[in-house]
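Q: One structure, as structure tokens, below. Some questions next.
The values are calculated or read from the model by the stated rules, or taken from the named source; none is laboratory data. Values in this document were obtained by computation on a predicted structure and should not be read as measured data. Don't worry about glycine lacking a Cβ; one is built from the backbone with ideal geometry, like all the others, and counts go over all protein chains shown.
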Amino acid sequence: MKIIYRIALVLGGIALLGWLGLRVKPAPFAAFAKPLGTLETVPLPTGLPAPVARFYRALYGESIPVIHSAVISGRASIRPVGPITFPARFRFTHLAGRDYRHDIEATVFGLSVLKVKESYIAGSSRQEMPWGTVENDPKANQAANLGLWAEAIRFPALFLTDSRTAWGAVDDVTATLSVPFEATRETFIVRFDPATHLVRSLEAMRFKTDHKILWMNEVRAWDTVGGQRVPTQGDVTWMDDGKPWATFNVEEIVLNADVQQSLGGK
């Protein structure tokens, strides 16, 4: 019985230590270099679906910024595999509407225990995980392309200034957003808050391994970061899972900086 008691104490201590380690937030990534100058703007287009026009007026007024790149950084809670939720830090680097690079680190006691590096460059995806690398897989490319456009909700002027995108009417609080993918198109269902007029969620059918599953990006909060009003908290959920696999909290956003070197690194 004493042996069993000691084993129980050891296991309990390990569990407690793990629980404590998962409560420690990591330090954020170092601040990204700030760009020089101000953002160029263009007039708000006419003929937009009603909820889309209200959204852009609430966010920008009548002048829409022209955004070429974005570096989005912050901290998160993620479940990369299994049921355990880890604190994490992230940096998403975008050449707007074209390419991205993701750097995500899950941590325990603030120390990195799992690194995920993902990129989508010139239409080809690459995922580097501790257990293997997947590169230029057609289904992963479709998933990465949807990720590229969904993350642009943090600089949504792109959905007006990029001529390859198109908004469609649904009802007073819903619209479609059509985006390019290779020689075809993909469609998001975008839902708006009837009180604030801001985007509440984006949904699309995205490949998860071998099958497309409804993939939801829900905005939990909007705030001002880096002089821009952006979604500062958002959940990402696969419908078959039923709960968020990640919650991202944006702490820094840098627009129109030079990101070529960041995107070029593997």
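Q: Can you pull out every residue in segment 53-106 that is aliphatic (A, V, I, L, M), touching a His at 6+ places or on another chain (Cβ under 6 Å) and in a strand (DSSP E or B)?
A: Taking segment 53-106 and keeping what is aliphatic (A, V, I, L, M), we get 53, 58-59, 64, 66-67, 70-72, 76, 78, 81, 84, 88, 95-96, 104, 106.
Filter once more, keeping what is touching a His at 6+ places or on another chain (Cβ under 6 Å): 58, 70, 96.
Listed by number, the list holds a single entry, ALA70.
Q: Same structure again: I need the full set of residues from segment 73-112 which are in contact with a Lys or Arg (Cβ under 6 Å, 6 or more places away or on another chain), closer than 13 Å to LEU263 by Cα and not acidic (Asp, Glu), in order please.
A: First, pick out the residues of segment 73-112 that are in contact with a Lys or Arg (Cβ under 6 Å, 6 or more places away or on another chain): 73, 75, 85, 87, 89, 93, 103, 105.
Filter again for closer than 13 Å to LEU263 by Cα, leaving 93, 103.
THR93 - this is the single residue of segment 73-112 that is in contact with a Lys or Arg (Cβ under 6 Å, 6 or more places away or on another chain), closer than 13 Å to LEU263 by Cα and not acidic (Asp, Glu).
Q: Let me ask you something else. Which one of these does SER178 not meet: (1) part of a strand (DSSP E or B); (2) surrounded by 19 or more Cβ atoms within 10 Å (Cβ to Cβ); (3) over 14 Å from the mean Cα position of the chain (by Cα)?
A: Failed condition: (2).
Q: Give segment 158-176 a look and list any residue that's under 28 Å from ASN256 (Cβ atoms) and of a type in the set (Gly, Ala, Ser), or say none.
A: SER163, ALA166, ALA175
Q: Filter segment 12-52 down to the residues that are among the hydrophobic types (A, V, I, L, M, F, W, C), at pLDDT 80 or above and part of a helix (DSSP H, G or I) and list them by number. Can you show your working first?
A: As a first pass, look at segment 12-52 and keep what is among the hydrophobic types (A, V, I, L, M, F, W, C): 14-17, 19-20, 22, 24, 27, 29-33, 36, 39, 42, 44, 48, 50, 52.
Okay, now just the ones that are also at pLDDT 80 or above, so 22, 24, 27, 29-33, 39, 42, 44, 48, 50, 52.
Hits for segment 12-52 are ALA50, VAL52.
Q: Please determine whether any residue of segment 151-164 is surrounded by 15 or more Cβ atoms within 10 Å (Cβ to Cβ) and small (Gly, Ala, Ser). Let's see the steps before the verdict.
A: From segment 151-164, those surrounded by 15 or more Cβ atoms within 10 Å (Cβ to Cβ) are 151-162; that's our starting set.
Still in the running and small (Gly, Ala, Ser): 152, 157.
Scanning segment 151-164, I find at least one residue that is surrounded by 15 or more Cβ atoms within 10 Å (Cβ to Cβ) and small (Gly, Ala, Ser), so the answer is yes.
Q: Only one of THR232, THR209, THR196, THR237 is surrounded by fewer than 19 Cβ atoms within 10 Å (Cβ to Cβ), modelled with pLDDT of 95 or more and among the hydroxyl-bearing types (Ser, Thr, Tyr); which?
A: Working: THR232 fails: surrounded by fewer than 19 Cβ atoms within 10 Å (Cβ to Cβ); THR209 fails: modelled with pLDDT of 95 or more; THR237 fails: surrounded by fewer than 19 Cβ atoms within 10 Å (Cβ to Cβ).
So the residue among THR232, THR209, THR196, THR237 that is surrounded by fewer than 19 Cβ atoms within 10 Å (Cβ to Cβ), modelled with pLDDT of 95 or more and among the hydroxyl-bearing types (Ser, Thr, Tyr) is THR196.
Q: May I pose another question? Taking the condition of being small (Gly, Ala, Ser), crowded, with 18+ Cβ neighbours inside 10 Å, within 30 Å of THR165 (Cβ to Cβ) and in contact (Cβ under 8 Å) with a residue 24 or more places away in the chain, how many residues in segment 99-127 meet it? Walk me through how you get there before you give the answer.
A: Step one: of segment 99-127, the residues small (Gly, Ala, Ser) are 106, 110, 112, 119, 122-125.
Remaining after also requiring crowded, with 18+ Cβ neighbours inside 10 Å: 106, 119, 125.
Remaining after also requiring within 30 Å of THR165 (Cβ to Cβ): 119, 125.
Then drop every residue that is not in contact (Cβ under 8 Å) with a residue 24 or more places away in the chain, which leaves 119.
Qualifying residue count, segment 99-127: 1.
Q: Of all residues in segment 133-166 being polar (S, T, N, Q) and outside any loop (DSSP other than H, G, I, E, B), which is nearest to the chain's Cα centre (by Cα)? Please lay out each step first, then the result.
A: Our first condition is that a residue be polar (S, T, N, Q); within segment 133-166, this holds for 133, 136, 141-142, 145, 161, 163, 165.
This time we only want the ones that are outside any loop (DSSP other than H, G, I, E, B), so: 133, 141-142, 145, 161.
Numbers: THR133: 21, ASN141: 16, GLN142: 15, ASN145: 12, THR161: 20 Å.
Across segment 133-166, the extreme among qualifying residues is ASN145.
Q: Right, something else. Tally time: how many residues in segment 244-255 are farther than 17 Å from THR93 by Cβ, assigned to a strand (DSSP E or B) and not small (Gly, Ala, Ser)? Quick ask: steps written out before the conclusion?
A: Restricting attention to segment 244-255, the residues satisfying the condition of being farther than 17 Å from THR93 by Cβ are 244-247, 249.
Applying the additional criterion that residues be assigned to a strand (DSSP E or B) yields 246-247, 249.
Narrowing the set further to residues that are not small (Gly, Ala, Ser) leaves 247, 249.
Qualifying residue count, segment 244-255: 2.
Q: Restrict the check to segment 139-147 and report whether at least one residue is surrounded by fewer than 16 Cβ atoms within 10 Å (Cβ to Cβ), under 16 Å from GLU182 (Cα atoms) and touching a Ser or Thr at 6+ places or on another chain (Cβ under 7 Å).
A: Going through segment 139-147, the residues surrounded by fewer than 16 Cβ atoms within 10 Å (Cβ to Cβ) turn out to be none.
Looking for residues that are surrounded by fewer than 16 Cβ atoms within 10 Å (Cβ to Cβ), under 16 Å from GLU182 (Cα atoms) and touching a Ser or Thr at 6+ places or on another chain (Cβ under 7 Å), one finds none in segment 139-147, hence no.
Q: Out of SER69, SER77, report the one residue that is modelled with pLDDT of 95 or more and either among the aromatic types (Phe, Trp, Tyr) or under 27 Å from THR184 (Cα atoms) (or both). Full working, then the answer.
A: On the way: SER77 fails: either among the aromatic types (Phe, Trp, Tyr) or under 27 Å from THR184 (Cα atoms) (or both).
Of the residues listed, the single one that is modelled with pLDDT of 95 or more and either among the aromatic types (Phe, Trp, Tyr) or under 27 Å from THR184 (Cα atoms) (or both) is SER69.
Q: How many of the residues in segment 63-98 are aliphatic (A, V, I, L, M) and either surrounded by fewer than 21 Cβ atoms within 10 Å (Cβ to Cβ) or without any contact (Cβ under 8 Å) to a residue 60 or more places away in the chain (or both)? Spell out how you get there, then give the answer.
A: Residues of segment 63-98 that are aliphatic (A, V, I, L, M), as a first pass: 64, 66-67, 70-72, 76, 78, 81, 84, 88, 95-96.
After this cut, where a residue has to be either surrounded by fewer than 21 Cβ atoms within 10 Å (Cβ to Cβ) or without any contact (Cβ under 8 Å) to a residue 60 or more places away in the chain (or both) as well, the list is 66, 81, 84, 95.
Of the residues in segment 63-98, 4 are aliphatic (A, V, I, L, M) and either surrounded by fewer than 21 Cβ atoms within 10 Å (Cβ to Cβ) or without any contact (Cβ under 8 Å) to a residue 60 or more places away in the chain (or both).
Q: Keeping to segment 191-206, report how many residues are outside any loop (DSSP other than H, G, I, E, B) and either under 10 Å from PRO51 (Cα atoms) or touching a residue at least 60 places away in the same chain (Cβ under 8 Å) (or both).
A: To start, the set of residues in segment 191-206 that are outside any loop (DSSP other than H, G, I, E, B) comprises 191-192, 199-206.
Right, trim to either under 10 Å from PRO51 (Cα atoms) or touching a residue at least 60 places away in the same chain (Cβ under 8 Å) (or both) and you get 191-192, 199, 206.
Number of matching residues: 4.
Q: Further question on the same structure: Quick check: is even one residue across segment 54-62 in contact with a Leu (Cβ under 6 Å, 6 or more places away or on another chain), closer than 13 Å to LEU255 by Cα and buried (at least 17 other Cβ atoms within 10 Å of the Cβ)?
A: Checked against the condition, which is being in contact with a Leu (Cβ under 6 Å, 6 or more places away or on another chain), closer than 13 Å to LEU255 by Cα and buried (at least 17 other Cβ atoms within 10 Å of the Cβ), segment 54-62 yields no hits at all.
Q: With ASP223, ASP241, ASP258, ASP235 as the choices, which residue is within 30 Å of ILE84 (Cβ to Cβ) and not in a strand (DSSP E or B)?
A: Just one listed residue meets the conditions, ASP241.
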